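Taking it in order: structure first as structure tokens, then the write-up.
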Ligand SMILES: *[C@@H]1O[C@H](CO)[C@@H](O)[C@H](O)[C@H]1NC(C)=O
């Protein structure tokens, strides 16, 4: 069987995939500059972090603080615009996003570059430094990017992990990594048709007792809804995740703690230990 990470990469880069049907790739940029109260958002770059793309609200109200999302793309792509609409949507809700890869960059990234981004946040060299809430960091990613994110789970500066259409590549990896994570891990999967379905399901199952976790499956397959304006339903769910776990928005927490909104949107959900997520409002 093909190595799973390779398969993720193949799926992200192939135009026709392994069978006759075009394979949904995830990403594909999407559109929209975000619908949130901090919007519109847009991307930029800084020379002091030359291998990444930054997403921020265009007008940040003075005195406000933005928590941080470090994001890994499908295929571990080095194009920081692959999830542009989705990441603008997140940023427009008051999050500073650092995507792996440069605008229209080529090739692949690795999790070491996520650590570089995290170190950069803490170095204070960003133009955005005064706005950054460094005590609130999520590391998340889609498909191969989710596998990258797992590599930073043990870093004490990381508060939670978001696994989008992803999961670890083998039962041994799940035991070695997922089974040891005590911080919150949220899964956003594409249902049985998602090639990462079994992997994400397995990771959810093996988390240690007590680890706060939520898992939703929306029956759209591996590509999610990222290419829809503002990231579609995955954009909505991701926004709720970050509003709650990074900004301490109690209303947004209800998307996860009370299944009604998610279920109505088509997500099949499971959750455990969510009372372990306690975040004071920013
Ligand atoms: C909190 O989240 C809810 C639901 O996502 C949203 O409608 C509301 O505007 C948010 N509140 C703040 C202060 O951002």
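Computed from the coordinates by the stated procedures, all read-outs in this text should not be read as laboratory data. Computed from a predicted model, the values in this text were never measured in an experiment. With ideal geometry, Cβ positions are generated from the backbone for all residues, glycine too; neighbour counts draw on all protein chains shown.
For the chain, what does the relative contact order come out to in percent, with C-alpha contacts under 8 Å and a separation of six or more?
18 percent
Over the alpha-carbon set of segment 194-275, divide Rg by the Kirkwood Rh and report the Rg/Rh ratio to two decimals.
0.96
Label-point separation (nm) for residue 273 and residue 45, each offset 7 Å from Cα along Cα-to-Cβ?
Spacing of the two 7 Å Cα→Cβ label points: 4.1 nm.
Using Cα-Cα distances under 8 Å and only pairs 6 or more residues apart, what relative contact order does segment 25-124 have, in percent?
Worked out over segment 25-124, it gives 36 percent.
When the Cα centres of segment 80-154 and segment 177-214 are compared, how far apart do they sit, in Å?
21 Å
Using the basic label-point model (7 angstrom from Cα toward the beta carbon), what is the residue 64 to residue 258 distance in nanometres?
For the pair residue 64/residue 258, the computed spacing is 2.6 nm.
On each of the three principal axes of the Cα atoms of the chain, give max minus min coordinate, whole Å, ordered largest first.
51, 41, 34
At 222 nm, what helix-only mean residue ellipticity would the chain give, in deg cm²/dmol to the nearest 500, using -39500 (n - 2.57) for each DSSP H run of four or more?
So the calculated ellipticity at 222 nm is -8000 deg cm²/dmol.
Which of 244, 214 comes first, and how do the rest follow, when ranked by fewest Cβ neighbours within 10 Å?
244, 214
So for the chain: antiparallel DSSP bridges make up what percent, rounded to the nearest 5?
DSSP beta bridges in the chain are roughly 40 percent antiparallel.
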